[in-house]
Amino acid sequence: MKTNRSLFLHGGLLLLASALAYSGYTKSAPPAGTQRLEVQVWSGTPDQLSKIELEMQGRKVTLEGKQDKEGRYYVGELTREKRKPPTPVKADAGAEKPPEPKPESETVRFIAASSMEKLAEQLAPLGAYRSLGKIAEGQAADFGFDKPEGTLRVTVGGKTHALELGGTTPGGADRYVRDKDSGVAYAILGSITRDLENADSRLTERNLNGFEPAQVTRVRISVGNQTRELVPMGGNESAWADAESPKQEDETATNWMVKLGRLRPNRYVAEKPDPSATPVFAVEYFEGKKRIGELVLVSAKGEGEDSDGKTEYLVRTNHTRWYASVIRTTAEQLDQDLGSVVR
């Protein structure tokens, strides 16, 4: 009896210790999506990333890497299905239901520069939380490979890697992928495919300039043959003065520069504007004697789907590379106040 009691006691203590150890492990384990990327799927550097292609149901995204004197940037294109609502019909018992309209497609082109830095670092090199090895046919459904959601192709250093997209991991934060060449499956960051799926909103460049406002020590505004130079007072970009009177704030110029800082690229149009576009003004930015950027604003007849036929304003900088539309009301105010600033 004493032997049996001893066995039961030691067995109970062992179970209790195991339970406490498991509880401590689960409490200290990192939540999904915060684990370290322990496995390298492929090597490379962001500078070697030349092309990204994502194909999923109803959409295709392509990003092509470019290089100029300003640095690295990407020309993006997203094509997706654009479904029209079915045409309403009057109730008629004998009438056949009209066929669903065929989906039309729409294409959005855009520029990505600083907005692509994080994604480029995630893709070159590509890391994974873990390798799942080769998935047996009977387990394909467990990881979403029985019905793949698409394909991701990434070209790094001249070599193209293709990943089959499986389902999301438990919790939906990350995604299972399978290398099409090796057949090895991995769990990778889910944000990679989410950013690419919504590239027109998540990756489109919204910053006009690649430098910080505090770097600017002087600007030159040009309207036709007229120019004027302004300087920030005491390094404060919220207060501007004429370069010839650097200690006397010009409130009109300050208000104009504040509005200029509110401009944001909206819909990218093209590398060059329509020949009929009219120059409005140009602004050159300087850090000391070095010119660090230029902004050009032009006006043109609106041609977008949302255009109401009114004048459309397009902006281009060294950072955006292409012309992009901006909010009309802000650009109009800048245009109308030019006479008070450049005189």
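Among the residues of region 201-235, those that are of a type outside the set (A, V, I, L, M), in a strand (DSSP E or B) and open to solvent by less than 70 Å² (accessible area, probe 1.4 Å) comprise ARG218, ARG220, SER222, ARG228, GLU229, PRO232.
Residues in region 118-142 that are touching a strand residue (DSSP E or B) at 6+ places or on another chain (Cβ under 6 Å), closer than 16 Å to LEU189 by Cβ and among the hydrophobic types (A, V, I, L, M, F, W, C): ALA120, LEU123, ALA124, LEU126, ALA128, LEU132. Residues that are polar (S, T, N, Q), farther than 15 Å from ILE192 by Cβ, in a loop (DSSP other than H, G, I, E, B) and at pLDDT below 85 occur at least once in region 73-87.
Here ALA140 fulfils each of the conditions (1) surrounded by fewer than 18 Cβ atoms within 10 Å (Cβ to Cβ); (2) touching a Gly at 6+ places or on another chain (Cβ under 9 Å); (3) not in a helix (DSSP H, G or I) apart from (3).
One residue stands out among those in region 158-178 that are crowded, with 21+ Cβ neighbours inside 10 Å and among the basic types (Lys, Arg): the one that is nearest to the chain's Cα centre (by Cα), which is ARG175. When the residues of region 188-200 are filtered to those that are part of a helix (DSSP H, G or I) and in contact (Cβ under 8 Å) with a residue 60 or more places away in the chain, which remaining residue is most open to solvent (accessible area, probe 1.4 Å)? Restricting to residues being part of a helix (DSSP H, G or I) and in contact (Cβ under 8 Å) with a residue 60 or more places away in the chain, the top hit is GLU197.
Just so you know, in region 48-73 the residues that are closer than 15 Å to ALA124 by Cα and free of Cβ contacts under 8 Å to residues at least 60 places away in the same chain include one that is surrounded by the most Cβ atoms within 10 Å (Cβ to Cβ), and it is GLY65. Look at region 112-133: where a residue is under 18 Å from ASP200 (Cβ atoms) and a partner is among the hydroxyl-bearing types (Ser, Thr, Tyr) and buried (at least 20 other Cβ atoms within 10 Å of the Cβ), sitting 6+ places away or on another chain with Cβ atoms under 6 Å, you get ALA112/TYR74; ALA113/TYR73; MET116/TYR74. For region 278-298, a tally of residues being in contact with a helix residue (DSSP H, G or I) (Cβ under 7 Å, 6 or more places away or on another chain) and more than 21 Å from ASN236 (Cβ to Cβ) returns 3.
The set of residues in region 109-137 that are open to solvent by less than 40 Å² (accessible area, probe 1.4 Å) and either hydrophobic (A, V, I, L, M, F, W, C) or in contact with a Cys (Cβ under 8 Å, 6 or more places away or on another chain) (or both) comprises PHE110, ILE111, ALA112, ALA113, MET116, LEU119, ALA120, LEU123, ALA124, LEU126, ALA128, ILE135.
The values are calculated or read from the model by the stated rules, or taken from the named source; none is laboratory data. Remember, it's a predicted structure, so these values are computed and weren't measured experimentally. Glycine also receives a Cβ, built like all others from the backbone with ideal geometry; neighbour counts cover every protein chain displayed. Calculation scope for accessible area: heavy atoms of the full protein, side chains included, ligands and nucleic acids excluded. Shrake-Rupley method; radii C 1.70, N 1.55, O 1.52, S 1.80 Å.
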